[in-house]
Amino acid sequence: MFPSSSGPFAPKNVRFVTLADNPHGGICLLASSIFQDDALLEVLAWNYSSTFFDGSTCGAACHGNQGNDNRYGQQKKLHWLEHYVEKTSDLDDDDLVLFTDAWDVVVQASTQRLTELFLKHTQNQRGLIFNGEPTCGDSFNSEGIYGAKLRGKAWNIQVEPNQTPRLVGGNYMCSAIAAKTASNTLVPGPNWSLGSGGILGDVRSLRTFLRRVTEIRVAQEEEFKLHQTFLFEGDQVLFQIAYLTSPEINVKIDTAAEIFFVISYLIGPGR
């Protein structure tokens, strides 16, 4: 758990980060809109790059998603973002990072209000804010064999720091997400489920949370090697499990879409 501070958290700079494999012109619109507010967009993995800016690489998991392999295409995001917060020398623990990688998530808040909105949602403390969705349809409610495997598995979750961890089956993970969001969200809204296409948080909290995500991913990969179970598809399920197993981190969901707005039809009824 982070040490308690003597007063409210005071963020420093706001860093704007995205991951963009596909080198199309749309990235210029995003970069120019941020530049108009006197900020710069930092682009990770441009043009299907599998090499970090310091020359290192994470191997096959960092290869571009040119074959529509969603697992590796989205796992790449985890490696790049973790490398960014672990290795970027000019990042301060008190900086805020706004990260978006999704084609279906719009950052609708003014860049000038991000610090204000962050502190409003986190109660003037460190923390993370994820975009909200009205269902958890692309994880525990997924259709087909993969969804059935997720619902057939169980996790030890701990929603509050003083709560005893308890084993919850995949059938009930969406309900657990909804319950946690309802209990700790200050700005009510319909979008209770954690989406991973938009993130706003301080560097220290983001780094700690990503380390937890990595622990979950590695554990599942080791289980797959030993027992030939299954591998997670995409990154959102990892973030959702971390949400339910990291009570020491102040994680909020943007339920009222004050910061992020999701436009994808994939999160509609049945998804």
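Just name the residue that is surrounded by the most Cβ atoms within 10 Å (Cβ to Cβ) out of those in region 159-178 that are closer than 21 Å to Gln123 by Cα and within 19 Å of the chain's Cα centre (by Cα). Restricting to residues being closer than 21 Å to Gln123 by Cα and within 19 Å of the chain's Cα centre (by Cα), the top hit is Ile177. Taking every residue in region 196-208 that is in contact (Cβ under 8 Å) with a residue 24 or more places away in the chain and pairing it with any residue that is in a strand (DSSP E or B) and not hydrophobic (A, V, I, L, M, F, W, C), at least 6 positions away or on another chain, the pairs with Cβ-Cβ distances below 6 Å are Gly197/Asn131; Gly198/Thr100; Gly198/Asn131.
Of the candidates Ile253, Ile249, Ile216, Ile241, the single residue that is farther than 24 Å from Gln125 by Cα and touching a helix residue (DSSP H, G or I) at 6+ places or on another chain (Cβ under 9 Å) is Ile216. The residue pairs whose first member lies in region 222-238 and is more than 16 Å from Leu194 (Cβ to Cβ) and touching a residue at least 60 places away in the same chain (Cβ under 8 Å), whose second member is basic (Lys, Arg) and surrounded by fewer than 18 Cβ atoms within 10 Å (Cβ to Cβ), and whose beta carbons are closer than 7 Å, counting only pairs six or more residues apart or on different chains, are Phe230/Lys149; Leu231/Arg71; Glu233/Arg71. When Gly137, Gly127, Gly147, Gly132 are screened for being over 19 Å from the mean Cα position of the chain (by Cα) and buried (at least 16 other Cβ atoms within 10 Å of the Cβ), only Gly147 passes. Of all residues in region 184-207, at least one satisfies being of a type outside the set (Phe, Trp, Tyr), closer than 23 Å to Gln112 by Cβ, surrounded by fewer than 20 Cβ atoms within 10 Å (Cβ to Cβ) and modelled with pLDDT of 90 or more.
Quick one: is Gly55 on the phi > 0 side of the Ramachandran plot, more than 21 Å from the chain's Cα centre (by Cα) and modelled with pLDDT of 85 or more? Before you say what the answer is, go through the steps one by one.
On the way: on the phi > 0 side of the Ramachandran plot: yes; more than 21 Å from the chain's Cα centre (by Cα): yes; modelled with pLDDT of 85 or more: yes.
Yes.
At pLDDT 95 or above, among the β-branched types (Val, Ile, Thr), over 14 Å from the mean Cα position of the chain (by Cα) and not in a loop (DSSP other than H, G, I, E, B), is that true of Thr181? Yes. Restricting region 233-261 to residues that are more than 12 Å from the chain's Cα centre (by Cα), polar (S, T, N, Q) and within 20 Å of Asn156 (Cα to Cα) leaves a set whose member that is surrounded by the most Cβ atoms within 10 Å (Cβ to Cβ) is Ser246. Taken over region 65-89, the criterion of being part of a loop (DSSP other than H, G, I, E, B) and either at pLDDT 90 or above or under 19 Å from the mean Cα position of the chain (by Cα) (or both) is satisfied by Asn65, Thr88, Ser89. You will find that of Phe16, Phe9, Phe52, the residue that is of a type in the set (Phe, Trp, Tyr) and not in a loop (DSSP other than H, G, I, E, B) is Phe16 and no other.
Taking region 90-119, which residues are surrounded by fewer than 16 Cβ atoms within 10 Å (Cβ to Cβ) and either more than 20 Å from Gly197 (Cα to Cα) or under 14 Å from the mean Cα position of the chain (by Cα) (or both)?
First pass over region 90-119, keeping only residues surrounded by fewer than 16 Cβ atoms within 10 Å (Cβ to Cβ): 90, 92-94, 103, 108, 110, 112-113, 116.
Those that are surrounded by fewer than 16 Cβ atoms within 10 Å (Cβ to Cβ) and either more than 20 Å from Gly197 (Cα to Cα) or under 14 Å from the mean Cα position of the chain (by Cα) (or both): Asp90, Asp92, Asp93, Asp94, Gln112, Glu116.
For every residue, the table says whether it meets (1) within 24 Å of Asp254 (Cβ to Cβ); (2) of a type in the set (Phe, Trp, Tyr); (3) in contact (Cβ under 8 Å) with a residue 24 or more places away in the chain; (4) part of a strand (DSSP E or B).
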position	(1), (2), (3), (4)
Gln125	yes, no, yes, no
Ile129	yes, no, yes, yes
Ser139	yes, no, yes, no
Ala148	no, no, no, no
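The values are calculated or read from the model by the stated rules, or taken from the named source; none is laboratory data. All of these numbers come straight from a predicted model, not from anything done at the bench. Don't worry about glycine lacking a Cβ; one is built from the backbone with ideal geometry, like all the others, and counts go over all protein chains shown.
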